Structure formats: structure tokens, C-alpha cells
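This report refers to the structure that appears directly beneath it.
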Amino acid sequence: MFKDLIIIIMTSVLVNNYVLSRFLGICPFLGVSKKTNQAFGMGVAVILVMMMATLVTWPIQRYVLDAFGLEYLQTIVFILVIAALVQLVEMFLKKVIPSLHASLGIYLPLITTNCAVLGVCKNSLTEEMLTKADTPQFLYAMIYAFASGLGFLLAMVLFAGVRNRIAASKPPKAFEGTPITLISASIVALAFFGFGGIAENLFK
Amino acid sequence: MPILIATAVVTAIGLLCAVMLAVASKAFEVKTNPKTEQIRACLPGANCGACGYAGCDGYANALAEEIETNTSLCTPGAAKVAADVAEVLGVAAVEVTKKVALVHCNGSCENTGKKAEYKGPQSCSAAKLIFGGDGQCVYGCLGLGDCVSVCEYDAIHIVDGVARVDIDACTACGRCAKKCPNALISIIPATKPVAVKCSNKDKGAVARKNCKVACIGCMKCEKVCPNGAIKVENNLSRIDYEKCIACGACAEACPTNAIKF
């Protein structure tokens, strides 16, 4: 069980990184990675939302949709539930921890219908995920969500660093701004492909 | 039948979420400062950012929370808004001097010419990328109306190849000034209608060759100004409106009519 969890964390953070290998959630990755502290805030918000979303959508799929034979409604129901949930959390934070709300506030609604969040919810319900017999399935899904969020955070912070270096090194005029950002994003993604296969083989 | 079940399930989930949110919005209600909304109602809502805050909401909040005490920062609203806001806050209204945008270029079709024919995208910033634009003077108005497109108040127009401000309609929000790729537009007090309508930094002879009404940096204005409010730097004359008393001596002395009164 323990080995399984280590593998899932390694895989989701490095090998199947949601941003850099699966190319989901590119919008905030490019949009909010200008400053390291903003990127960090966004990353933390994403971890939070991914875990909460899985916490709610996983039982819904298993005990409501599957029970009624309505698997095909997965996407629409998940979006509905995640959006309502994030709204709720935002209200809660505004009331209880205003300082956290002020720093996370703008990011929370932004990631409500982010495809990376939806992707985590859907992927945590695939055949492969549900057949890890020796780990409680729900725990496994939650760890997977946390690790995926961690991978997102890693990608954001790494890329914020890259962008800082780029801004300081004055690229040619024609490449300034979006073009050089996209090119460097692709190179960072390429670097992450180097992790392919590492996690499985480490624990053989 | 299956469609009924599907509809029922999704509706039930949606209803559940809705009820949950409705309850939460009551339970987690946060009291906002009632003054914020009152002040916000006085402001024009253009969200132009001329006050230095992120939109009208930001300014209203800063005033209500007493972070900001200056009630006259809203230039589009001018005196009326300043008075309204002061009334809500119960403080004395501050005198507001009306400000307007001013285009530092008078390079109309008869004063200057084209060095090439430009047929690209009809935007100043695009035209400027190609050898600094199609006009003989690379500092001047490109005349393709980027400023016109950002003006919310229909106060700036391209007339005779150069941008002109309609002083009555202008609210000095400063959007045109930010947009102009040649940075020709500045915000000046409307009570001092004297201005150097040129931005050419070339040497006098070159500037004059390209435009009939160019500032040639002859320093005559600097010498006649009684208050030392006008200075020539980089072959270009500029007025310091803090010192200017709008006497018009510089405009009379200007040999090329670059200064208008």
C-alpha cells in the first residue's frame, strides 16, 4: 500500500504532470506565472480545489451515477458540483479567514471549471485507479488529487522562475511577451518528458 | 424512462447545490461598509483608473475605509462627483480644477507630409512598427486613431490627419494618453490653455524641414517667460503647468507657431 502511494505521488508530480505532460490547465499556467508568489498562491488554491472536488465527485460517481447507470452524465454533473463547491468555499473563506481569501480570492473562481481539476476528478475514477486492490480506493483517489495539485504547484513555481530569468535576459523584441513564454513553456515540458518511466522502474 | 431518471438525478444534485449555496450565503454573510455602496453610486463607473485605484469599486472602498481622504481624484466625474462623494462622507468638498487631454502635435496634412504610403492594419501602434510610421516626422501623430478607439466619451477625433481633443467632452481620464504609441498626449489643466503642440526632438533645421509648425528649440519662449515655466530640453520646449500663469507670451514669441494659446 505504502509503495503504491509513493508511486502515485511520483507519477503524478513528475511523470504525468498535469500541466507539462498532459497539457491540462494551461490557462492559469501561462496567465498567473509572472510572479513567483502569485504562482505559489495559485498552486495552493489548485491543490485545495482538486482535493475538495475529488472528495465530492468521487462518491457521487460511485454511489449516485453508477448506481443509476448514468455514467455518461459525468462531465456535466462534475462541473455543476465543482462550481457550487468552489463558490461555497469562497464564501466560507471570506467569512472565516479573510486574509487567506484576499490572497486566494481571485484564483478560486478562476479555477472553478479548470480542465485540470475536472481531469483529476475523471482520472481518479478510471479502471486503472479503481483496481489497486491493496489500497482503499477512496484514499487512493484523494492522494492522487493531492499529488496532481502538487505537480501543478511545482510546474507553476518552476515556470515563474523561468519567466523571471527570461524577463531579465531581454529576449529579441519580436519574441517579447507571449511568444517567448510559449517557447519556454514547451522546453520546460520537454524537460519533464525525461522523467518518463522513472517512477515505475524505481520501485521494481 | 431513462431520460426521466437522468433529468431527476441532475435536477436533484443541482437543487441540492443551490440550497446549500443559499444557506451558505446567509450563514457566511459578510457585512460590507454601507458607505462603500453610497460612494460607489456617486462615481461614474467607467473603471478608467484615473484615480489610481483598480476601478471605481477600489476607489469607493478606499474612501469608505478612510485609506484615501482625497475626494477629488475622479477626473471623469470632475467637480460634481467630488461634491457628491464629499457629501456622503460628510467632509468639505475640495475645489477641482478641470483637466483636459492635450495632443502635443499639430502635424495636420497642410503642415507636414507623408514619406511613404502605408497600407497595413489601420492602427497607430502597427504603423509605428514600420520605420516609425508613414509621416515625415516620426515623433508626430500617426493619425490612425488608436486614441479615438479607446475614448469612452467621444472626445477625441482625427481631424485633418491629426488627433484633436474636444475640450468640452473630455474628462481627462487619460486612456488616450496611455494608448498613444508616440506618447503625444498629456493631461493639462483646462484653465491654462497654452501648449507646445509639437513633440519633435530633432535639431531645428531637420524638424522644420519635416513640419511647418515644429518646435525648433530656438529658446525664444524660454527667454520671454516671466515665470521660468517653459524650458527647452532635447530641442523641444515643454511647459511646467505648476509654474505657468497662462500669460501667452511664449505663444507670441514662437517663430513657428508651435506654441498655441
With 10 Å bins from 0: P(r) over the range A:1-157, alpha-carbon pairs, percent: 11, 40, 35, 13, 1
- line: For chain A, longest principal axis from Cα atoms; helix A:36-59 axis from its Cα atoms; angle between them, nearest 10 degrees, is 10 degrees
- request: Name the residues whose placed amide hydrogens come within less than 5 Å of the amide hydrogen of residue B:141, ignoring near sequence neighbours (fewer than 5 apart) on the same chain.
  value: B:107
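Normalised by the residues of the range B:1-99, what does the relative contact order come to in percent, with Cα pairs under 8 Å and at least six apart? Walk me through the numbers before you get to the answer.
Working: 94 pairs, mean separation 19.7, N = 99.
Answer for the range B:1-99 is 20 percent.
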message: Using Cα-Cα distances under 8 Å and only pairs 6 or more residues apart, what relative contact order does chain A have, in percent?
response: 42 percent
Fraction of accessible area attributable to carbon and sulfur, chain B (%, probe 1.4 Å): 57 percent
- prompt: Cα gyration tensor of chain B, axes a ≥ b ≥ c as square roots of the eigenvalues: rounded (a/c below 1.5), prolate (a/b > b/c) or oblate?
  reply: oblate
task: Give the accessible surface of chain B per residue, rounded to a whole number of Å², with probe radius 1.4 Å and ligands, DNA and RNA excluded.
output: 54 Å²
message: If I ignore ligands, DNA and RNA and count only protein heavy atoms, how much of residue A:128 is accessible to a 1.4 Å probe, in Å² to the nearest 10?
response: 130 Å²
field: Under 5 Å, built H, 5+ apart or other chain: amide partners of residue B:99
entry: B:190
message: Just to be sure I understand: with springs between alpha-carbon atoms less than 10 Å apart, which residue in A:53, A:102, A:141 has the highest mean-square fluctuation in the Gaussian network model of chain A?
response: A:102
- prompt: With a ≥ b ≥ c the root eigenvalues of the C-alpha gyration tensor of the range A:86-167, is it rounded (a/c under 1.5), prolate (a/b larger than b/c) or oblate?
  reply: oblate
message: Give me the percent of accessible area attributable to carbon and sulfur for the range A:18-195, probe 1.4 angstrom.
response: 70 percent
- line: Residues whose modelled amide H sits under 5 Å from the amide H of residue B:135, counting only those 5 or more places away in sequence or on another chain, are B:115
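Can you give me the accessible area per residue for chain A, using a 1.4 Å probe, in Å²? Present the calculation step by step, with values, prior to reporting the outcome.
Numbers: 10100 Å² over 204 residues.
Here the residues of chain A average 49 Å² of exposed surface.
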statement: Computed D for the range A:36-99, Stokes-Einstein, Kirkwood radius over alpha-carbon pairs, 10 °C, 1.306 mPa s, to the nearest µm² per second, is 121 µm²/s
task: Express in Å², to the nearest 10, the accessible area of residue B:238 obtained by rolling a 1.4 Å probe over the protein heavy atoms while all chains stay in place.
output: 90 Å²
message: Rounded to the nearest 10 Å², what accessible area does residue A:138 have for a 1.4 Å probe in the complete protein model?
response: 70 Å²
query: Using the eigenvalues of the Cα gyration tensor, what equivalent ellipsoid semi-axes result for the protein assembly as shown when each is taken as the square root of five times the eigenvalue, whole Å, largest first?
result: 58, 30, 19
Max mean-square fluctuation residue, GNM over chain B, Cα-Cα springs under 10 Å, options B:129, B:63, B:184: B:129
- prompt: Quick one: ranking B:108, B:25 by accessible area, 1.4 Å probe, largest first, what do you get?
  reply: B:25, B:108
query: Quick one: helix B:55-64 against the long Cα principal axis of chain B, what's the angle to the nearest 10°, folded into 0 to 90?
result: 70 degrees
query: With solvent modelled as a 1.4 Å probe, how much accessible area in total do chains A and B shield from it at their shared surface, in Å² to the nearest 100?
result: 1400 Å²
Residue order for A:10, A:156, B:1 - accessible surface, 1.4 angstrom probe, largest first: B:1, A:10, A:156
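Taking square-rooted eigenvalues a ≥ b ≥ c of the alpha carbon gyration tensor, is the range B:34-89 rounded, prolate or oblate, where a/c under 1.5 means rounded and, failing that, a/b exceeding b/c means prolate?
Details: a/c = 1.37, a/b = 1.11, b/c = 1.24.
Taking the square roots of the gyration eigenvalues as a ≥ b ≥ c, the range B:34-89 is rounded.
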query: How about the range B:1-38: which of its residues lose at least 30 Å² of accessible area in the presence of all protein chains relative to their chain isolated, using a 1.4 Å probe?
result: B:5, B:6, B:9, B:10, B:13, B:17, B:20, B:21, B:28, B:30
- request: At a Cα cut-off below 14 Å, give the aspartates and glutamates reachable from residue B:35, other chains included and same-chain residues fewer than 8 away excluded.
  value: B:57, B:65, B:66, B:68, B:84, B:87
- request: Give the ranking of B:125, A:99 by solvent-accessible surface, highest area first, calculated with a 1.4 Å probe.
  value: A:99, B:125
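Over chain B, what is the relative contact order in whole percent, taking alpha-carbon pairs under 8 Å and six or more residues apart? Intermediate values should be presented prior to the final figure.
On the way: 461 pairs, mean separation 37.1, N = 261.
RCO, chain B: 14 percent.
The values are calculated or read from the model by the stated rules, or taken from the named source; none is laboratory data. Just so you know, these numbers come straight off a predicted model, no measurement behind them. The protein model used for the area step is the full one, side chains on, heavy atoms only, and it has no ligands, DNA or RNA in it. Shrake-Rupley method; radii C 1.70, N 1.55, O 1.52, S 1.80 Å.
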